[in-house]
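First the structure, in the form of structure tokens, and then the observations on it.
The values are calculated or read from the model by the stated rules, or taken from the named source; none is laboratory data. Since the model is a prediction, treat every value here as computed from it, not as a measurement. With ideal geometry, Cβ positions are generated from the backbone for all residues, glycine too; neighbour counts draw on all protein chains shown.
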Amino acid sequence: MSGLDDVIATETTLSDVDGEAGRLVIRGRSLDELVIGCRYEDVLALLWAGLFPESAGADQIARGLGAARLQVFEQSRAADAQLAEQPPVDAVRTLLSRFEEGNDPSTALRLVAALAVFTPAVIRRAHGLEAIRPDPGLGHAADMLRMLHGEAPHPDQARALDRYLVSAVDHGLNASTFTARVIASTRAGLTSALIGAICALKGPLHGGAPGPVLDMLDAVGEPEAARPWLEAALSRGERLMGFGHRIYRVRDPRADALKGALERLAQAGRLDPARLRLAEAVEHAALELLSRNKPGRPLLTNLEFYTALLLEALGFPREAFTCVFAAGRAGGWVAHAREQVLRGRLIRPLSRYVGPRPSEAA
Ligand code: ACO
């Protein structure tokens with residue numbers, strides 16, 4: 001009961017997480033297939049089909065998203081000095097809260113675009129740099145990197161971020177998606193649903209994990225130190241970030257999708273191979289120690305472990321990793337919020353009262 005394990009709270013046609021087989025299916029297509037052949041824009045078209053009065057194809061979504069990035073850009077200039085002092089995810093959430101409410105496709109595109117535009121703007125502002133105007137002609141992932149670094153990314157880097165955004169786009173009824181659906185079920189609107197989802201995402205047990213993964217790698221320092229460092233952390237009762245999952249009892253398929261992207265970046269000389277070796281040593285030791293400590297509970301590598309390395313290699317600062325996660329997951333949040341409005345009812349579960357009754361309390 002605690003944590004709602006095994007409770008089926010809704011039916012969905014959007015995604016299915018098979019925790020025993022380690023398979024993620026999005027609208028009938030497996031993630032393995034999507035990460036190889038699809039841009040983020042293609043996956044948005046797949047996810048959003050039938051959820052708005054008029055369905056848009058992938059090219060139309062790509063054009064609409066490019067235009068929406070330009071449209072929201074002016075609002076990113078409101079990333080003032082005060083916002084720059086906040087953690088990036090809080091600054092992005094504050095900027096989003098200035099958006100109008102809405103339920104239409106243009107609100108959906110603006111919200112997804114905003115996360116891609118606000119994230120680099122907030123990062124640059126924190127370093128005293130001006131935000132960079134989007135280029136609507138570029139792919140969503142490539143433009144996000146261009147807005148971060150001020151120059152067009154290498155195609156391998158753009159592909160790696162695209163692969164990450166696709167891997168992160170949807171994943172059943174995780175905590176942030178459930179939050180989005182609860183808010184949408186009250187008919188509050190897409191903007192509110194996404195802001196609430198970001199609030200749920202930022203916690204370290206969900207989308208806040210990849211920053212701490214890098215802190216762990218830095219603290220370990222070298223491959224030989226992995227085992228004693230992790231052993232000491234576990235004996236202090238700490239959780240190892242990037243491992244374990246509520247649903248998966250085998251390796252998270254998204255971890256492998258990202259590992260493939262990382263290996264390609266390393267081959268292209270865009271990732272320090274020593275960093276990858278260190279991560280592999282930490283992963284190897286962590287898996288061994290976790291299986292020894294919890295023999296009955298498979299605790300395996302999750303999405304966040306290799307996310308940390310990938311986003312670091314692409315030049316995102318660790319404190320902003322959750323924003324990049326949100327930029328990918330936003331497409332899924334929109335789809336779930338719309339599905340909830342179209343096919344669901346107000347979400348209103350019961351609680352069992354276990355406190356004192358009036359006569360006992362007196
Ligand atoms: N390191 C050490 N121990 C762990 C870990 C971990 N990463 N994960 C779970 N455990 C332990 C728990 O402490 C618990 O021990 P106990 O029974 O002695 O109290 C036991 O394993 C069972 O864990 P659950 O409570 O069943 O795990 P739950 O399903 O509630 O949590 C979660 C899943 C939150 C992902 C957990 O594994 C965790 O905290 N991982 C680290 C944070 C992380 O990587 N988060 C990202 C998740 S992926 C995502 O959101 C995209």
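The table for this structure:
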read-out: Condition broken by residue 351, with the remaining ones in (1) in contact (Cβ under 8 Å) with a residue 24 or more places away in the chain; (2) not in a helix (DSSP H, G or I) satisfied; value: (1)
read-out: Residue among 152, 58, 142 that alone is free of Cβ contacts under 8 Å to residues at least 24 places away in the same chain, in contact with a Pro (Cβ under 7 Å, 6 or more places away or on another chain) and of a type in the set (A, V, I, L, M, F, W, C); value: 142
read-out: Identity of the residue in segment 144-172, within 14 Å of the ligand (Cβ to nearest atom) and on the phi < 0 side of the Ramachandran plot, that ends up surrounded by the most Cβ atoms within 10 Å (Cβ to Cβ); value: 170
read-out: Restricting segment 1-19 to residues that are of a type in the set (Asp, Glu) and more than 15 Å from the ligand (Cβ to nearest atom), the residue that is nearest to the chain's Cα centre (by Cα); value: 16
read-out: Considering residues of segment 239-272 that are under 14 Å from residue 309 (Cβ atoms), hydrophobic (A, V, I, L, M, F, W, C) and within 16 Å of the chain's Cα centre (by Cα) only, the residue nearest to the ligand (Cβ to nearest atom); value: 241
read-out: Residue among 180, 141, 219, 175 that is buried (at least 24 other Cβ atoms within 10 Å of the Cβ) and either over 20 Å from residue 318 (Cβ atoms) or not assigned by TED's automatic domain parsing to the domain that holds residue 339 (or both); value: 180
read-out: Count of segment 214-269 residues which are part of a helix (DSSP H, G or I) and among the small types (Gly, Ala, Ser); value: 11
read-out: Given (1) touching a helix residue (DSSP H, G or I) at 6+ places or on another chain (Cβ under 9 Å); (2) loosely packed, with under 14 Cβ neighbours inside 10 Å; (3) closer than 23 Å to residue 204 by Cα, index of the condition residue 282 fails; value: (2)
